[in-house]
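The values are calculated or read from the model by the stated rules, or taken from the named source; none is laboratory data. Computed from a predicted model, the values in this text were never measured in an experiment. Here the Cβ positions follow ideal geometry from the backbone for every residue, glycine too, while neighbour counts run over all protein chains shown.
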């Protein structure tokens, strides 16, 4: 298994998360969300922001 296959993508900004880093958030319905930083997690979970409207979030509209 290669390292690239273990890398996850941030649910908010779309950046690749190297193995051993990032935050895994499990919702009460059982869905799992991966975040590259606490900044991304707070903006999505706590503040409910849309990544398309933020300049620093690099997530494209196609993903």
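Summary of computed values
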{"quantity": "Condition met for residue 57 (at pLDDT below 95 and in contact with a strand residue (DSSP E or B) (Cβ under 7 Å, 6 or more places away or on another chain))", "calculated": "no"}
{"quantity": "Residue in segment 29-51 that is at pLDDT 95 or above, surrounded by 10 or more Cβ atoms within 10 Å (Cβ to Cβ), on the phi > 0 side of the Ramachandran plot and part of a loop (DSSP other than H, G, I, E, B) present", "calculated": "no"}
